[in-house]
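The structure under discussion appears below in the form of structure tokens.
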Amino acid sequence: MTDEAMLSMALHLRAQGLSRRDIAARLVITKGRKKGRHPSPATALRMLRDRDEANATAPSASAPG
């Protein structure tokens with residue numbers, strides 16, 4: 001389970017050029033069964049990829065319409 005704070009931190013760390021493994025090591029799950037643990041690098045990748053895909057398919061506010 002991911003939350004907005006963890007996603008925000010992951011995006012910040014990715015912008016700094018960190019690897020998925022380094023990003024996952026710096027994140028901490030804040031809710032659910034795995035609270036207090038770090039997500040796997042695969043989870044970090046999936047979270048960032050899902051965000052990228054959502055942004056790619058979202059209508060742009062500046063697009064004419």
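The values are calculated or read from the model by the stated rules, or taken from the named source; none is laboratory data. Bear in mind that the values here come from a model prediction, so they are computed numbers and not experimental data. Please note: Cβ atoms are built from the backbone with ideal geometry, for glycine as well, and neighbour counts cover all protein chains shown. Areas reflect the complete protein model, heavy atoms only, side chains present, ligands, DNA and RNA absent. Shrake-Rupley method; radii C 1.70, N 1.55, O 1.52, S 1.80 Å.
Quick one: which residue in A56, A15, A42, A24 is among the aliphatic types (A, V, I, L, M) and open to solvent by less than 50 Å² (accessible area, probe 1.4 Å)?
On inspection, the qualifying residue turns out to be A24.
Filter region 24-39 down to the residues that are under 12 Å from M9 (Cα atoms) and assigned to a loop (DSSP other than H, G, I, E, B) and list them by number.
L27, V28, I29
Could you tell me which numbered condition G17 fails, if it satisfies all but one of (1) at pLDDT 95 or above; (2) touching a His at 6+ places or on another chain (Cβ under 8 Å)?
Just one mismatch for G17, condition (2).
Being open to solvent by 60 Å² or more (accessible area, probe 1.4 Å) and aliphatic (A, V, I, L, M) is the filter here; which residues of region 27-36 pass it?
Of everything in region 27-36, just one residue is open to solvent by 60 Å² or more (accessible area, probe 1.4 Å) and aliphatic (A, V, I, L, M), namely V28.
Please go through region 1-12 and pick out each residue that is open to solvent by 40 Å² or more (accessible area, probe 1.4 Å), in contact (Cβ under 8 Å) with a residue 12 or more places away in the chain and either part of a helix (DSSP H, G or I) or out of contact with any Lys or Arg (no Cβ under 6 Å at 6 or more places or on another chain) (or both).
Result: T2, A5, M9, L11.
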